[in-house]
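J.: Sharing a structure here in structure tokens format.
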Amino acid sequence: MKQKIYIETSIFSYLTARPSNDLRAAANQNTTNEWWENRKPEFEIYISEFVAAEASQGNAEASARRMAVISNIPMLEATEAVRKLGKAFVEEGPIPTGSEIDAYHIAIAAVNGIDYLLTWNCKHIANAVMRPKIEEICRYYGYEPPIICTPQELMEG
């Protein structure tokens, strides 16, 4: 049985972006493409309405590329339990006000029993300082937290 992975919007942004001249962004693009080609088939992948909403924003051409990639990926539902857990991440501290969408990405993965949350958002999601509090809140509300990681961390398996 394949493990489940929730793919957050930043992955699709790197996957579909034009090649970057910035070394870090170019490295993330290369790693994302390599993960997508070589590792993605090993997982059941999911997104949510939050990913679709974010992917649809911005430059029309870039948005169209993102939307094309996500069009056939199963979408998890934002239930009341997801909203409650997402709100707890903001109210109880690890996710700052104004970044609620990041809290909901984590919440929807946790509530749905997803094994991994794949992201390049290291400010609010794949953040080693915030991770213990995120995991504590998940468990307090009765959910096992997903393993939050970047494609680089999930390259080998």
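J.: When you go through 138, 122 one by one, which is the residue that is closer than 16 Å to residue 4 by Cβ, in contact (Cβ under 8 Å) with a residue 12 or more places away in the chain and of a type outside the set (A, V, I, L, M)?
T.: 138
J.: So which of 102, 22 ends up being surrounded by 15 or more Cβ atoms within 10 Å (Cβ to Cβ) and of a type in the set (Asp, Glu)?
T.: So the residue among 102, 22 that is surrounded by 15 or more Cβ atoms within 10 Å (Cβ to Cβ) and of a type in the set (Asp, Glu) is 102.
J.: Would you mention how many residues in segment 107-126 are farther than 13 Å from residue 81 by Cβ and either surrounded by fewer than 16 Cβ atoms within 10 Å (Cβ to Cβ) or among the aliphatic types (A, V, I, L, M) (or both)?
T.: Result for segment 107-126: 8.
J.: Residues that are closer than 20 Å to residue 5 by Cβ, among the polar types (S, T, N, Q), touching a residue at least 24 places away in the same chain (Cβ under 8 Å) and touching a Phe, Trp or Tyr at 6+ places or on another chain (Cβ under 8 Å): does segment 100-114 have at least one?
T.: Yes, segment 100-114 contains at least one residue that is closer than 20 Å to residue 5 by Cβ, among the polar types (S, T, N, Q), touching a residue at least 24 places away in the same chain (Cβ under 8 Å) and touching a Phe, Trp or Tyr at 6+ places or on another chain (Cβ under 8 Å).
J.: Continuing with this model, one more query. Report every pair of residues separated by at least 6 positions or lying on different chains whose Cβ atoms are under 8 Å apart, first residue within segment 50-66 and under 28 Å from residue 83 (Cα atoms), second of a type in the set (Asp, Glu).
T.: 51/8
J.: What single numbered condition from (1) in contact (Cβ under 8 Å) with a residue 40 or more places away in the chain; (2) touching a helix residue (DSSP H, G or I) at 6+ places or on another chain (Cβ under 6 Å); (3) hydroxyl-bearing (Ser, Thr, Tyr) fails to hold for residue 31?
T.: All conditions pass for residue 31, except number (2).
J.: On to the next question. Going by what's in this entry, would residue 11 be described as among the β-branched types (Val, Ile, Thr), without any contact (Cβ under 8 Å) to a residue 60 or more places away in the chain and either touching a Leu at 6+ places or on another chain (Cβ under 8 Å) or part of a helix (DSSP H, G or I) (or both)?
T.: Spelling it out, it is not the case that residue 11 is among the β-branched types (Val, Ile, Thr), without any contact (Cβ under 8 Å) to a residue 60 or more places away in the chain and either touching a Leu at 6+ places or on another chain (Cβ under 8 Å) or part of a helix (DSSP H, G or I) (or both).
All of the numbers you see were taken from the coordinates with simple rules; none came from a lab. Please read these numbers as outputs of a predicted model, since none were measured by experiment. Here Cβ is always computed from backbone atoms with ideal geometry, including for glycine, and neighbour counts include all displayed protein chains.
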